[in-house]
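Asks: Next up is a structure, given as structure tokens.
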Protein chains: 2
Amino acid sequence: MEVQIAVAKVNKYASSESGDTLEVVERPNGGLSVVLADGQTSGRGAKAVSHLVVRKVIGLLAEGVRDGAAARAASDALYTDKQGKVISTLNIASLDLHSRTIVLTRNNPSPMFVCLGDQIDRRDEESAPLGTSRDVRPLITEIPVQPGLIIVIYTDGLTHAGERRGRPMDVGEAIRAMVEDQDPSPQVLADALLEQAVSLDENRPADDISVLVLKVTARQGDNARRMTVRLPIEGYFK
Amino acid sequence: MEVQIAVAKVNKYASSESGDTLEVVERPNGGLSVVLADGQTSGRGAKAVSHLVVRKVIGLLAEGVRDGAAARAASDALYTDKQGKVISTLNIASLDLHSRTIVLTRNNPSPMFVCLGDQIDRRDEESAPLGTSRDVRPLITEIPVQPGLIIVIYTDGLTHAGERRGRPMDVGEAIRAMVEDQDPSPQVLADALLEQAVSLDENRPADDISVLVLKVTARQGDNARRMTVRLPIEGYFK
């Protein structure tokens with residue numbers, strides 16, 4: 001089997017800094033975790049908040065702390081630092097080679113999607129962001145690693161895309177259209193969702209948007225691990 | 001312009017854990033850094049060392065500490081922890097949007113390659129690994145971000161590939177053959193170098209091998225940032 005993870009991310013229109021932070025860390029007991037946070041508001045302040053949350057979570061995961069405990073610790077740290085006045089969403093998607101599961105941790109009102117075969121589950125149980133109170137609990141979903149599994153996680157920029165024009169995005173329908181007919185790679189799926197959102201916002205995203213797709217395939221290739229990062233730098237340079 | 005970074009990584013044959021650790025972090029003043037460490041020996045002990053070094057460097061870079069200072073701090077921490085008895089190589093490749101340069105930091109006897117146009121520079125100035133003494137200095141190379149720039153960095157598994165069989169790999173020649181005739185993507189280039197090394201080791205790599213390629217292109221696409229990770233998990237699962 002192979003686990004493939006893809007991310008596509010844009011800034012709010014005319015904003016040079018994204019309030020969304022995403023990082024990947026190796027788990028000391030095997031596997032890796034992707035951590036995504038969306039700080040309240042946008043621009044530099046939001047960036048500082050999501051950066052603080054992601055750094056805290058990544059540091060704890062790297063020490064072997066379990067995902068749920070890392071999320072609670074980050075919430076307490078944010079609550080203490082900002083006295084409950086600033087909040088941040090958090091999603092952690094982990095491949096845990098010790099338990100042989102995908103562990104999904106969510107402190108985010110935005111739902112996530114879990115697809116397997118013909119089944120597309122929208123997981124939208126109520127979930128509070130970090131920093132709102134002293135006893136924030138994450139929602140934890142654990143799924144055995146199996147070929148065909150697709151997880152789609154995103155920040156609320158995707159949910160709110162098009163709302164300004166009265167044409168809100170139906171994320172579930174967009175996923176269904178892609179997954180039913182084709183066998184898209186995670187990057188193709190993430191790019192397509194992002195593209196649809198940006199298009200509904202008429203190419204001027206009303207908020208930062210991040211889309212994270214994890215897919216388990218049966219494909220047998222070589223044993224190499226691979227990573228690619230693409231960072232456009234137009235706008236920063238003449 | 002766009003900066004593309006690709007990594008390809010295999011474990012030493014029959015070893016379930018790589019002594020090489022590679023992680024990516026966002027720089028708080030804009031841009032990102034890729035940090036690669038190779039801990040002495042192989043397996044679990046080497047993993048712990050390279051993990052310690054990468055965590056230390058990543059934590060400092062995330063706070064805005066400059067690359068050279070982060071490398072020195074990691075060396076001092078390793079020296080203190082292991083009393084000079086365990087060493088680790090370190091390479092940092094940073095896109096610094098503040099200075100508009102690529103900053104390359106090296107504490108690694110293995111050379112690196114800097115390609116621009118027809119020029120392929122082998123950078124092999126003497127460079128000591130971290131943890132060897134109290135005053136380890138990194139070699140720092142700063143290059144303006146410009147289309148066509150290609151940087152190739154690797155751990156010594158690549159240099160030593162084929163030595164067992166008396167057919168050592170000529171990394172410079174392999175890069176030249178790829179870059180002169182084609183315009184390979186960084187992933188294609190990294191994969192080709194790794195494949196050649198693994199083949200020289202007769203598909204049983206004598207050491208962990210990591211190859212990191214950074215390329216600056218003039219290509220104008222959309223403004224999305226993208227990341228893909230591929231993690232084979234055969235061998236862990238039945």
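The values are calculated or read from the model by the stated rules, or taken from the named source; none is laboratory data. These figures come from a predicted structure and were not determined experimentally. Note that we place each Cβ from the backbone using ideal geometry, even for glycine, and neighbour counts take in every protein chain shown. Accessible surface is based on the protein model in full, side chains and every heavy atom, while ligands, DNA and RNA are left aside. Shrake-Rupley method; radii C 1.70, N 1.55, O 1.52, S 1.80 Å.
Asks: Of the residues in segment B:61-94, how many are farther than 22 Å from B:ARG27 by Cα and among the small types (Gly, Ala, Ser)?
Replies: Final tally of qualifying residues: 2.
Rundown of residues vs (1) aromatic (Phe, Trp, Tyr); (2) closer than 29 Å to A:LYS56 by Cβ; (3) in contact with a Phe, Trp or Tyr (Cβ under 8 Å, 6 or more places away or on another chain), yes/no style:
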site	(1), (2), (3)
A:ASN91	no, yes, no
A:ARG123	no, yes, yes
A:SER133	no, yes, yes
A:ALA177	no, no, no
A:GLU180	no, no, no
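Asks: Here's a follow-up. Just checking, does segment A:77-98 include any residue being in a helix (DSSP H, G or I), in contact (Cβ under 8 Å) with a residue 12 or more places away in the chain and of a type in the set (Gly, Ala, Ser)? Talk me through it step by step, then tell me what you get.
Replies: Within segment A:77-98, the first condition is being in a helix (DSSP H, G or I), and the residues that meet it are A:77-82.
From what is left, the residues that are in contact (Cβ under 8 Å) with a residue 12 or more places away in the chain are A:77-79, A:81-82.
Now narrow it down to the ones that are of a type in the set (Gly, Ala, Ser): A:77.
There is at least one residue in segment A:77-98 that is in a helix (DSSP H, G or I), in contact (Cβ under 8 Å) with a residue 12 or more places away in the chain and of a type in the set (Gly, Ala, Ser).
Asks: Being among the small types (Gly, Ala, Ser), assigned to a loop (DSSP other than H, G, I, E, B) and more than 7 Å from chain B (Cβ to nearest Cβ) is true for just one of A:SER33, A:SER16. Which residue is that? Talk me through it step by step, then tell me what you get.
Replies: Working: A:SER33 fails: assigned to a loop (DSSP other than H, G, I, E, B).
Result: A:SER16 is the single residue among A:SER33, A:SER16 that is among the small types (Gly, Ala, Ser), assigned to a loop (DSSP other than H, G, I, E, B) and more than 7 Å from chain B (Cβ to nearest Cβ).
Asks: For segment B:36-56, which residues satisfy the criterion of being open to solvent by less than 30 Å² (accessible area, probe 1.4 Å), away from chain A (no Cβ under 11 Å) and within 19 Å of B:GLN83 (Cα to Cα)?
Replies: Once the filter is applied, which keeps residues that are open to solvent by less than 30 Å² (accessible area, probe 1.4 Å), away from chain A (no Cβ under 11 Å) and within 19 Å of B:GLN83 (Cα to Cα), segment B:36-56 yields B:ALA37, B:ASP38, B:GLY39, B:ALA46, B:VAL49, B:VAL53.
Asks: Then there is this: For segment A:27-39, give me each residue that is modelled with pLDDT under 90 and closer than 21 Å to B:GLY59 by Cβ.
Replies: Taking segment A:27-39 as the starting set, the residues that turn out to be modelled with pLDDT under 90 are A:28-30.
Of everything in segment A:27-39, those that are modelled with pLDDT under 90 and closer than 21 Å to B:GLY59 by Cβ turn out to be A:PRO28, A:ASN29.
Asks: May I pose another question? Just give me the residues in segment B:187-230 being open to solvent by 30 Å² or more (accessible area, probe 1.4 Å) and at the interface with chain A (Cβ under 7 Å from one of its Cβ atoms), in sequence order.
Replies: Hits for segment B:187-230 are B:GLN187, B:GLN220, B:GLY221, B:ASN223, B:ARG225, B:ARG226, B:THR228, B:ARG230.
Asks: Yes or no: B:GLY68 modelled with pLDDT under 95 and either more than 20 Å from B:ILE5 (Cβ to Cβ) or part of a loop (DSSP other than H, G, I, E, B) (or both)?
Replies: Details: modelled with pLDDT under 95: no; either more than 20 Å from B:ILE5 (Cβ to Cβ) or part of a loop (DSSP other than H, G, I, E, B) (or both): yes.
Against the criterion (modelled with pLDDT under 95 and either more than 20 Å from B:ILE5 (Cβ to Cβ) or part of a loop (DSSP other than H, G, I, E, B) (or both)), B:GLY68 does not qualify.
Asks: How many residues does segment B:4-21 hold that are among the hydrophobic types (A, V, I, L, M, F, W, C), modelled with pLDDT of 90 or more and surrounded by fewer than 22 Cβ atoms within 10 Å (Cβ to Cβ)?
Replies: As a first pass, look at segment B:4-21 and keep what is among the hydrophobic types (A, V, I, L, M, F, W, C): B:5-8, B:10, B:14.
Filter once more, so that each one left must be modelled with pLDDT of 90 or more: B:5-8, B:10.
Of the ones still in play, those that are also surrounded by fewer than 22 Cβ atoms within 10 Å (Cβ to Cβ) are none.
Count: 0.
Asks: In addition: Identify, by number, the condition in (1) within 16 Å of the chain's Cα centre (by Cα); (2) more than 14 Å from chain B (Cβ to nearest Cβ); (3) without any contact (Cβ under 8 Å) to a residue 60 or more places away in the chain that A:PRO138 doesn't meet.
Replies: The one condition A:PRO138 does not meet is (3).
Asks: Okay, next question. Looking at B:GLN187, B:GLN196, can you tell me which residue is under 30 Å from B:GLY30 (Cα atoms) and at pLDDT 90 or above?
Replies: On the way: B:GLN196 fails: under 30 Å from B:GLY30 (Cα atoms).
None of the other options fit; the residue is B:GLN187.
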